[in-house]
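The values are calculated or read from the model by the stated rules, or taken from the named source; none is laboratory data. Quick caveat: nothing in here was measured; it's all calculated off a predicted structure. Reconstructed Cβ throughout: ideal geometry from the backbone, glycine too, with neighbour counts over all protein chains shown.
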Amino acid sequence: MSENNIQIRQIKDEEIEQSMRLSSFAFQMTIPQEEWQAEVNRQVPDEVWGGFDGAQLVAQARIRPFRVYLQGRIVEMGGIASVASWPEYRRGGIVASLLIHSLSVMREAGQVISFLAPFSFAFYRRYGWETYTDRKKFTVETALLPRIESAQVRGQVVRVGDNLELLSPLYEQYASRFNGMLNRSEEWSKELIRRKPGQISIYFNELGDPQGYIHYQVKNRELFIHELITLNHEAQLGLWRYIANHDSMIQQVVLMAPANDALPFLLDNPRIKQEIEPYFMARIVDIEKLFDQYSFLSSLDRKARWSDSKSVILYIHIKDQYADWNDGVWELTVDDNGSARIRRLELESSSSLIQLTCDIQTLSTLLMGYKSASYLYDIGRLQGDGEIAQQLEAIIPERTTFLSDFF
């Protein structure tokens, strides 16, 4: 079937089961018959865009509306998920058309950035997405768990179940420290707990204030940590002591943590298994609106070499093959308090002003804070004046990227 005969549109209520059958096949999931209807009821057809060959759904992509933390602010994000097609329709450009179409949909919805979990990093790079975060996977054998004395921990750990009134403020305070963590809605928080069975326990300090929590499951002599949130070192000690108290029933603990997590340094024997896994990708959907919300460093917080520059003006040529509203030469002005203004210029009349050039993938990973301007310049992803690249780096805050969710 020719791609020209494929219609792209949102799915309808009566087409939800087609979408679920496609997802079940593509992602090799089996939904028990007794759970099928409940799963149908949870679907949101307005979020799913499909490629149709007549009445048959042959490919699909879901756009989930999320909000994320970026440089301490909350911005709207479109989460691309459930990208799939039937084998006989693959390599025909239908998925590519869905991805390109999704950019306009997200822009219209005010989603300035997009995340996705790639089946292939190379595939999604073609359409403007780039890696924005890694995860560090720790596997700690029981014998290597920290031995923390009770005198070191003055508070207590209490099992609380799905008490979002206690859990959500802890999560949000922790998440705001990173670039790329979700600002979770109550609905999404409930969905995560439903999908991840196990125990949830909170650490309270001696004043009774909650300072962190652990969501975990013990199965087959392994303690798998779905999420470990700590606001300070006291909570970290308290929760790791709690984890170690499971030693009689487990052989190892597995945890996914931010790439800069320094757990081994806290252990008597730091030689535990550590694996770095590239995780999610990000893409700028709307450059203009993103810069309006982006917090650069103020002149007081910039590196000494650039601290005297009260206002910074840069001219950057951004290449975006699939979102023409991003493609072009931009004048970026960052004032002394870190607020940005951006103005699009005519390419023909502004070519002599261009100081830096990059594609949308490079700008995305740069503004997320995953890779620095100097590194991207060194490897040729950011081109132009090296001095200006250093100046750009000097105004972007350093903040670790992380995402503890999956969609």
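Tabulated data
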read-out: Answer residue from the range 323-338, given it is among the small types (Gly, Ala, Ser) and within 25 Å of the chain's Cα centre (by Cα) and is nearest to Ala96 (Cα to Cα) among those; value: Ala323
read-out: Unmet criterion (only one of (1) touching a helix residue (DSSP H, G or I) at 6+ places or on another chain (Cβ under 7 Å); (2) under 30 Å from Gly369 (Cβ atoms)) for Glu76; value: (1)
read-out: Ser150 being surrounded by fewer than 20 Cβ atoms within 10 Å (Cβ to Cβ), outside the structural domain of Ile243 (by TED's automatic domain parsing) and small (Gly, Ala, Ser); value: no
read-out: Condition met for Trp36 (in contact with a helix residue (DSSP H, G or I) (Cβ under 9 Å, 6 or more places away or on another chain), without any contact (Cβ under 8 Å) to a residue 60 or more places away in the chain and among the aromatic types (Phe, Trp, Tyr)); value: yes
read-out: Lone unmet requirement of (1) of a type in the set (Gly, Ala, Ser); (2) in a loop (DSSP other than H, G, I, E, B); (3) surrounded by 17 or more Cβ atoms within 10 Å (Cβ to Cβ); (4) within 27 Å of the chain's Cα centre (by Cα) for Gly92; value: (4)
read-out: Qualifying residues in the range 1-25 (those that are under 16 Å from Leu98 (Cβ atoms), modelled with pLDDT of 95 or more and not β-branched (Val, Ile, Thr)) - the one surrounded by the fewest Cβ atoms within 10 Å (Cβ to Cβ); value: Gln7
read-out: 3 or more residues farther than 22 Å from Asp324 by Cβ and free of Cβ contacts under 8 Å to residues at least 40 places away in the same chain: qualifying helices (runs of 4 or more DSSP H) within the range 351-407; value: 373-378, 386-395
read-out: Elements of type strands (runs of 3 or more DSSP E) contained in the range 190-231, each with 3 or more residues being free of Cβ contacts under 8 Å to residues at least 40 places away in the same chain and not aliphatic (A, V, I, L, M); value: 210-219, 222-230
read-out: Number of the exception - Ser104 against (1) of a type outside the set (Asp, Glu); (2) closer than 22 Å to Lys289 by Cα; (3) crowded, with 18+ Cβ neighbours inside 10 Å; (4) in the same structural domain as Ile74 (by TED's automatic domain parsing); value: (3)
read-out: Positions within the range 159-184 being assigned to a helix (DSSP H, G or I) and touching an Asp or Glu at 6+ places or on another chain (Cβ under 7 Å), in sequence order; value: Leu164
read-out: Per-region count, the range 92-125, residues out of contact with any strand residue (DSSP E or B) (no Cβ under 9 Å at 6 or more places or on another chain), over 23 Å from Arg67 (Cβ atoms) and either among the small types (Gly, Ala, Ser) or free of Cβ contacts under 8 Å to residues at least 24 places away in the same chain (or both); value: 5
